[in-house]
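*Asks:* First the structure, then my questions, so here it is.
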Amino acid sequence: MVNIDDVEKIKIFGGENGVYLSILSVADQIEQSFSEIYSLEIPKKFFAAKNIVISGMGGSALGGRVVDSIIPQRVRVPVEVFTEFYIPNYVNKETLVIVSSYSGSTAETINDAYEAIKRDALVFVITTGGKLAQIAEKEKVPAFIFEPRFNPSGQPRYALGYSIASLLALLSRCEYISLSREEQKGLVSFVKEKTSQLVAEVDSSINLSKRFALELLGKVPVLVTSEHLIGSTHSFKNLLNETAKTFAVLFDIPELNHHLMEGLKNPVRIRDFFKFVFFESKLFSKEVYKRYPLTKEVVSKNGFPLLTYSALGENRLLQAFEVVVFSYFVSYYLSFLYQEDPAKIPWVDYFKEKLKEV
């Protein structure tokens, strides 16, 4: 039996891949992004877009999903996250298209960048280099090309501090949202505090992320949340897939209440495998928040076990990052319990190689 409180083994589990160090460095990633984005020269026309499209795939798209969930009460123009080989038909010279690819070599994102430039859109690039950085230089497109000093793993999914904070900083810098320096500093401090509560040295008796990992061992997590936590919980689903090599699904309330509850009956054996995980917040709208106890009652009466995580941050921004940090640790500890390499993604790599032959 693997001991989840074996601190030294946990810390070196990712080996030279540096996964654990990347998880510890989310606050540093945020701080670097805020600092460097605010020092960029950005043309004034980028402040006047009528709508915004965020293009990215996989780990690079997660930041967009998180931001899209956080900002509805803050943003002054429509925002859409798009994960296709093409961009929406409505993209034009008054659209800000943010193309984000950690590696700079994502085929879908590169294609979107070319299409956005062809349409004379306001294009901004976020990457560490690669083909996308070359496009930005050649086409004289404004870009945040950063050195990922605080992601030794090199994996995009462990760079959420960069991908989320860079988008928030850019939207704030161009005055699409309001995000004060005080909020930025408060966010960094909050993430550091949450990280310190979940590190390997904190015993499983009081470490909630370790306890959740133990509860999810051998189970299929069915994640449930709403509103500003949807993006962060989507990231959790991806991390469970890639890091812990675990099947997971995500539903949101109130949509879930209109169909899923009737799907809990069959097949009977799913009760042996599924475990519901509810991510709650007192900041959800009143009509949504009151649905949680009743939804959990229906789930329980249908014979499913469940867990509840209550986000405690004082605002939506903090709670979204709280869930991101929590999901990093849960997925890492679960990979440790399964003894699955948290860095390697063999089937994704296999798929990519085979796709080249098609």
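A short reminder: the numbers here are calculations on the coordinates, not readings from a lab. What you are looking at is a predicted structure, and each value in this text was computed from that prediction instead of being measured. Quick reminder, even Gly has a Cβ in these numbers, built from the backbone with ideal geometry, and neighbours come from all protein chains shown.
*Asks:* The stretch 93-121 to the stretch 167-221: how many Å between their Cα centroids?
*Replies:* Between the Cα centres of the stretch 93-121 and the stretch 167-221 lies a distance of 29 Å.
*Asks:* Still on this structure: Quick one: order V220, V2 by neighbouring beta-carbon count within 10 Å, fewest to most.
*Replies:* Going from sparsest to densest Cβ surroundings: V2, V220.
*Asks:* Do any GluC sites (Glu not before Pro) in the stretch 31-61 lie in a loop, going by DSSP, with at most 14 other beta-carbon atoms within 10 Å of their beta carbon, and if so which?
*Replies:* Working: sites: E31, E36, E41; in loops: E41.
Sparse-neighbourhood loop GluC sites (Glu not before Pro): E41.
*Asks:* Same structure, new question: Around R291, with a cut-off of 13 angstrom between Cβ atoms, what is the net charge of the other residues, counting Lys and Arg +1 and Asp and Glu -1? Could the numbers behind the result be given before it?
*Replies:* Numbers: positive: K286, K290, K296; negative: E227, D252, E255, E280, E287, E297.
Charge balance near R291 sits at -3.
*Asks:* Amide H neighbours of N51 under 5 Å, counting only residues 5+ apart in sequence or on other chains, H built in-plane at 1.01 Å?
*Replies:* For N51, whose amide H was placed from the backbone, the distant partners under 5 Å are L96.
*Asks:* Name the residue from L318, M261, I230 whose Cα lies farthest towards the positive end of the charge dipole of the stretch 219-358, charges +1 on Cβ of Lys and Arg and -1 on Cβ of Asp and Glu.
*Replies:* M261
*Asks:* Something else about it: Given an 8 Å cut-off on Cα distances and at least 6 residues of separation, report the relative contact order of the stretch 19-179 as a percent. Let's see the in-between values first.
*Replies:* Working: 307 pairs, mean separation 54.9, N = 161.
So the answer I get is 34 percent.
*Asks:* Okay, next question. What does the highest-first list of 184-192, 225-233 look like by mean Cβ count within 10 Å?
*Replies:* Values: 184-192: 18.4, 225-233: 25.8.
Highest mean packing first, the order is 225-233, 184-192.
*Asks:* Further, regarding this structure: What ranking do L250, L214, L160 get, fewest neighbouring Cβ atoms within 10 angstrom at the top? Intermediate results must be reported in sequence, preceding the final value.
*Replies:* Details: L250 20, L214 15, L160 29.
Least crowded to most crowded, the residues run L214, L250, L160.
*Asks:* Helix 230-242 sits at what angle to the longest principal axis of the chain, using alpha carbons and giving 0 to 90 degrees rounded to 10?
*Replies:* With both axes taken from Cα atoms, the answer is about 70 degrees.
*Asks:* For the chain, with a Gaussian network of springs between Cα atoms less than 10 Å apart, report the residue from E94, E182, E137 with the top mean-square fluctuation.
*Replies:* E182
*Asks:* Also: Among the DSSP beta bridges whose two residues both lie in the chain, what percent are antiparallel, rounded to the nearest 5?
*Replies:* Numbers: 0 of 32 bridges.
DSSP beta bridges in the chain are roughly 0 percent antiparallel.
*Asks:* Further question: Starting from the Cα gyration tensor of the stretch 312-358, take the square roots of the eigenvalues, sort them a ≥ b ≥ c, and report rounded, prolate or oblate (rounded when a/c is under 1.5, otherwise prolate if a/b is larger than b/c, else oblate). Please list the in-between numbers first.
*Replies:* Details: a/c = 7.01, a/b = 1.94, b/c = 3.62.
Here the stretch 312-358 falls in the oblate category.
*Asks:* Right, here's the next one. Starting from the Cα of M1, step 7 Å along the direction of its Cβ; do the same at K50; then give the gap between the two resulting points in nm.
*Replies:* 6.4
*Asks:* If contacts are Cα pairs under 8 angstrom and at least 6 residues apart, what is the relative contact order of the chain in percent? Mind dumping the intermediate values first?
*Replies:* Values: 616 pairs, mean separation 75.9, N = 358.
So the answer I get is 21 percent.
*Asks:* Using only the Cα atoms of the stretch 71-162, build the gyration tensor, take square roots of its eigenvalues as a ≥ b ≥ c, and label the shape rounded, prolate or oblate: rounded if a/c is under 1.5, else prolate if a/b is larger than b/c, else oblate. Could you put the intermediate results ahead of the total?
*Replies:* Values: a/c = 1.86, a/b = 1.30, b/c = 1.43.
Oblate.
*Asks:* Helix 59-70 against the longest principal axis of the chain: what's the angle in degrees, Cα atoms only, rounded to the nearest 10?
*Replies:* 80
*Asks:* Right, here's the next one. Taking the stretch 223-307, which chymotrypsin sites (Phe, Trp or Tyr not before Pro) meet the DSSP loop condition and have no more than 15 other C-beta atoms within 10 Å?
*Replies:* On the way: sites: F236, F247, F251, F273, F274, F276, F278, F279, F284, Y289; in loops: F247, F273, F284.
Answer in residue order: F247, F273.
*Asks:* Mind putting a number on the dipole of the stretch 202-338 about its Cα centre? Charges go on the C-beta only, +1 for Lys and Arg and -1 for Asp and Glu, and I need it in Debye to the nearest 20.
*Replies:* Numbers: 16 positive and 13 negative charges, 73 e Å.
In total the dipole reaches around 340 debye.
*Asks:* Report the label-to-label distance for E41 and N315 in nanometres (one decimal), using points 7 Å from each Cα along the Cα→Cβ vector.
*Replies:* Between E41 and N315, the label points sit 3.2 nm apart.
*Asks:* Diagonalise the Cα gyration tensor of the chain and give the resulting equivalent ellipsoid semi-axes, square root of 5 times each eigenvalue, largest first, whole Å.
*Replies:* For the chain, the semi-axes come out at 33, 23, 21 Å.
*Asks:* Something else now. For the charge dipole of the stretch 250-358, defined by +1 on Lys and Arg C-beta atoms and -1 on Asp and Glu C-beta atoms about the Cα centroid, which residue among Y333, V348, V298 has the Cα displaced farthest towards the positive pole?
*Replies:* Among Y333, V348, V298, the one farthest towards the positive end of the dipole of the stretch 250-358 is V298.
*Asks:* Another one. Indicate the gyration tensor shape class of the stretch 164-279 (rounded, prolate or oblate), computed on the Cα atoms with a ≥ b ≥ c the square roots of the eigenvalues: a/c under 1.5 is rounded; otherwise a/b larger than b/c is prolate and the rest oblate. Present the calculation step by step, with values, prior to reporting the outcome.
*Replies:* Details: a/c = 2.81, a/b = 1.46, b/c = 1.92.
Oblate is the answer for the stretch 164-279, as a/c is 1.5 or above yet b/c matches or exceeds a/b.
*Asks:* Report Rg/Rh for the stretch 211-298, rounded to two decimals, where Rg is the Cα radius of gyration and Rh the Kirkwood radius.
*Replies:* Here the Rg-to-Rh quotient is 0.96.
*Asks:* Could you go through the stretch 288-300 in sequence order and give the Karplus-derived ³J(HN,Hα) for each residue, using 6.51 cos²θ - 1.76 cosθ + 1.60 with θ = phi - 60°, rounded to whole Hz, and x for Gly and Pro?
*Replies:* In residue order, the calculated couplings are 7, 4, 6, 7, 5, x, 5, 5, 5, 4, 5, 4, 5 Hz.
*Asks:* For the chain, with a Gaussian network of springs between Cα atoms less than 10 Å apart, report the residue from A200, A48, A159 with the top mean-square fluctuation.
*Replies:* Residue with maximal mean-square fluctuation among A200, A48, A159: A48.
*Asks:* Here's a follow-up. Among P254, P72, P293, which one moves the most in a GNM of the chain with springs linking Cα atoms closer than 10 Å?
*Replies:* For the chain, modelled as a Gaussian network with Cα springs under 10 Å, the answer is P293.
*Asks:* Okay, moving on. Please list 310-319, 259-268 highest first by mean number of surrounding beta-carbon atoms within 10 Å per residue.
*Replies:* Details: 310-319: 17.7, 259-268: 10.8.
Final packing ranking: 310-319, 259-268.
*Asks:* If I take every Cα pair under 8 Å that is 6 or more residues apart in the stretch 151-251, average their sequence separation and divide by the length, what percent do I get for the relative contact order? Don't jump to the answer; show the numbers that get you there.
*Replies:* Details: 46 pairs, mean separation 17.4, N = 101.
About 17 percent, as a whole number.
*Asks:* Under a 5 Å amide H to amide H cut-off, with H placed in plane at 1.01 Å, what residues pair with A143 once short-range neighbours are removed?
*Replies:* So A143 has HN proximity to V125.
*Asks:* Using Cα atoms only, what is the angle between the long axis of helix 107-118 and the major principal axis of the chain, expressed in degrees (0 to 90) to the nearest 10?
*Replies:* 30
*Asks:* Between the stretch 331-358 and the stretch 297-324, what's the alpha-carbon centroid distance in Å?
*Replies:* 27
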